[in-house]
Amino acid sequence: MSGAYRPRTALGRAVHSVEETVIALLMGLMVLVTFVNVVLRYVFNDSLVWSLELTLTLFAWLVLFGIAYGFKITMHLGVDAVLNMVSSRSQRLLSLVAVAICLVYAALMMKGAWDYWAPFANMAPTTGHWFPTGFKEMKPWDYRGYVPTERIPLPEFLRAPLEYLFLPEGEEPYEKLPIAVPYAIIPFGVAMMLYRLIEAAFRIVTGRQQGLIVSHEAEDAVEEAAREKDA
C-alpha cells in the first residue's frame, strides 16, 4: 500500500527496529510479570505486591509509545468516505488539514504533559494558557521533590542516577521508584506524536503517503490472506 511506512535508509530501518523492539519488550514484560504473579499466587500462595502497579505502568508506556508509532506506520483507524469522493489532489489537501488539526491538538497536549510531569522531576512548568510562553519562576516549596511510587521498588543499579536527578539536597532517599520515571512517558510520548505527525505531513506533501489513517489496508490484508489460503 502506498501509505504504508517503509524505511528508506539504514538509520531509518535501525530506528524502526528499535521502536518495534521496545513495543515487543513492553508487551513481553507485561505478560511475564502477570504470569509470574499468577504462578506465585496459585502455586505458592504468594504474590508480587508491585506487579499490578508495574503492569499498569508498562501498559501506559505501551499505549503512549504505540500512538506515535501508529502515526508513523498509518495504523490508526479512520473514516475515509469523504476522501473517496474527491480527487487525489483533494485527498492530499484534506489529509494535510487533518494533520494540521492533529498537530494543534498534540501541541496543546505537549504543554499539558510537560506541566504535569515537570514538578515531579523538579523542573519548572511553562507559562501561558494555551501555548508555552516561557517557564514559571519556581520557589523551592513549589517543587514536589522525590515522590515515590506506591509499590514499585527502586533497583539498586538505578539508585545513584535517579537520586542525583530527582532527589532534592538534604531529603531522605526512598526505597521506591520515583514517580517521575513512569510519568516521563507522558511528555515523551506526546513529543513523539508531534514528531511523527510532522513526518507524516512531509510524506503526504511529497506523495509518499496518502493520509493518516489505515483506510482499506485491513480489507486488503484479509483478501490477500484468503487468496493465499485458496492457492
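Every number here is computed from the coordinates shown, using simple stated rules; none is lab data. Note that the structure is a prediction, hence the values are computed from the model and not measured. For neighbour counting, all protein chains shown are included, and Cβ atoms are generated from backbone atoms with ideal geometry for every residue, glycine included.
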- Residues whose built amide H sits under 5 Å from the amide H of residue 147, excluding neighbours closer than 5 in sequence, are 179, 180
- Query: Hey, if you put +1 on the Cβ of every Lys and Arg and -1 on every Asp and Glu Cβ in the stretch 161-201, which of 197, 185, 162 ends up farthest toward the positive end of that dipole?
  - Reply: 197
- Task: For helix 51-72, report the angle its Cα long axis makes with the longest principal axis of the Cα atoms of the chain; keep it between 0 and 90° and round to the nearest 10°.
- Result: 30
- Fluctuation leader among 118, 160, 100 - the chain, Gaussian network, Cα springs under 10 angstrom: 160
- Under a 10 Å cutoff between Cα atoms, tell me which one of 43, 190, 99 has the largest fluctuation in the Gaussian network model of the chain. 43
- Query: Using a ≥ b ≥ c from the Cα gyration tensor of the chain (square roots of the eigenvalues), is it rounded, prolate or oblate, where a/c under 1.5 gives rounded and otherwise the larger of a/b and b/c decides, a/b for prolate?
  - Reply: oblate
- Message: Classify the stretch 79-187 from the C-alpha gyration tensor, please: rounded if a/c falls under 1.5, else prolate or oblate depending on whether a/b exceeds b/c.
- Response: prolate
- Item | Label-to-label distance, nm, for residues given as residue 16 and residue 123 (7 Å Cα→Cβ offset) | 3.0
- Message: With the cut-off at 1.5 for a/c, could you classify the stretch 39-126 from its C-alpha gyration tensor as rounded, prolate or oblate?
- Response: oblate
- Message: Under 10 Å, Cα contacts only: if you run a Gaussian network model on the chain, which one of 211, 134, 189 comes out with the highest mean-square fluctuation?
- Response: 134
- Note on the structure: Counting only residues 5 or more apart in sequence or on a different chain, those whose built amide H sits under 5 Å from that of residue 154 are 176, 177
